[in-house]
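The values are calculated or read from the model by the stated rules, or taken from the named source; none is laboratory data. Here the structure is a predicted model, which means the values were calculated and not measured. We place every Cβ from the backbone using ideal geometry, glycine too, and count neighbours over all the protein chains shown.
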Ligand SMILES: NC(=O)c1ccc[n+]([C@@H]2O[C@H](COP(=O)([O-])OP(=O)(O)OC[C@H]3O[C@@H](n4cnc5c(N)ncnc54)[C@H](OP(=O)(O)O)[C@@H]3O)[C@@H](O)[C@H]2O)c1
């Protein structure tokens with residue numbers, strides 16, 4: 001089972017304006033893929049487009065879209081069809097957290113999280129799989145999180161739930177698409193340097209977390225790219241997080257819930 005070798009191959013990366021998504025876009029460009037960059041901040045995407053064109057001679061298209069808008073995935077699929085931009089690899093990466101207990105965050109804001117991280121990845125997969133199947137090759141890389149594989153801890157109800165869904169979705173999609181030559185991987189990073197913790201306001205409370213627990217967006221993206229090429233179903237970058245996932249499976253769930261609650265209490 002291989003991805004198509006001969007150009008033109010094209011990868012669509014959501015959340016390409018920062019962090020892990022920008023790093024993934026750069027890797028796909030380096031590996032000879034054409035790119036479709038999706039996020040809300042057009043000026044960031046335009047700047048990345050110029051960089052990828054000059055560094056890697058990549059063909060790059062930009063779609064500025066807010067994935068929390070329920071119409072966004074259909075509009076993206078429509079514009080790909082109109083512009084004749086077939087996609088070989090879909091990277092569902094866009095995401096963020098809004099910490100707080102259930103009543104702390106207004107429901108419309110939580111609905112937007114669900115649209116961005118649950119509905120949009122599913123809808124884009126729905127729209128883009130048929131042409132991959134027709135080619136008998138392709139890939140879907142879902143950027144989930146290590147919290148999708150363990151208890152979420154305090155103030156993390158929807159985020160950890162959505163990340164668990166992304167893992168579960170990827171695992172089922174992986175088995176469904178094997179016979180169609182489509183690789184499917186859930187990338188499950190731990191703490192990663194990016195804008196994520198500025199967006200969710202937890203940067204300060206995480207300042208005392210030891211440095212060895214932090215990965216760079218680039219190293220996480222490289223691990224995810226390699227895992228997708230090998231068709232590994234779940235990729236957890238870093239030994240510590242791999243061990244934490246194994247420990248979480250061995251320990252009784254009630255105990256790992258208590259540990260997660262203890263260590264997440266100070267994160268705001
Ligand atoms: N950083 C971590 O510690 C960590 C750990 C595990 C998993 N992850 C996951 O990794 C993924 C990437 O996060 P990151 O760490 O790279 O964070 P980041 O630097 O904040 O990047 C998030 C990206 O998502 C995009 N995005 C957010 N909301 C969007 C929306 N409504 N519509 C379209 N695009 C949207 C942002 O673009 P615009 O703002 O321009 O729209 C940005 O490009 C997320 O799914 C996150 O859950 C991160």
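Brief remarks follow.
Each row is one residue, and each column tells you yes or no for (1) over 29 Å from residue 11 (Cα atoms); (2) more than 12 Å from the ligand (Cβ to nearest atom).
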position: 168; (1), (2): no, yes
position: 175; (1), (2): no, yes
position: 218; (1), (2): no, no
position: 230; (1), (2): no, yes
position: 238; (1), (2): no, no
position: 248; (1), (2): yes, yes
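- Out of 89, 38, one residue alone is out of contact with any helix residue (DSSP H, G or I) (no Cβ under 6 Å at 6 or more places or on another chain), within 14 Å of the ligand (Cβ to nearest atom) and within 21 Å of residue 145 (Cβ to Cβ). It is 38.
- Taking the stretch 18-35 as the range and being in a helix (DSSP H, G or I), over 20 Å from residue 80 (Cα atoms) and more than 10 Å from the ligand (Cβ to nearest atom) as the test, the residues that pass are 26, 27, 30.
- Within the stretch 136-239, helices (runs of 4 or more DSSP H) holding 2 or more residues that are over 17 Å from the mean Cα position of the chain (by Cα): 157-177
- Filtered by the rule that a residue be within 18 Å of residue 201 (Cβ to Cβ), within 12 Å of the ligand (Cβ to nearest atom) and surrounded by fewer than 22 Cβ atoms within 10 Å (Cβ to Cβ), the stretch 97-115 gives 98, 109, 112, 113.
- Unique match (being modelled with pLDDT of 90 or more and at positive phi) among 238, 153, 161: 238
- Checking 58, 94, 81, 118 one by one, the residue that is in a helix (DSSP H, G or I) and surrounded by 17 or more Cβ atoms within 10 Å (Cβ to Cβ) is 118 and no other.
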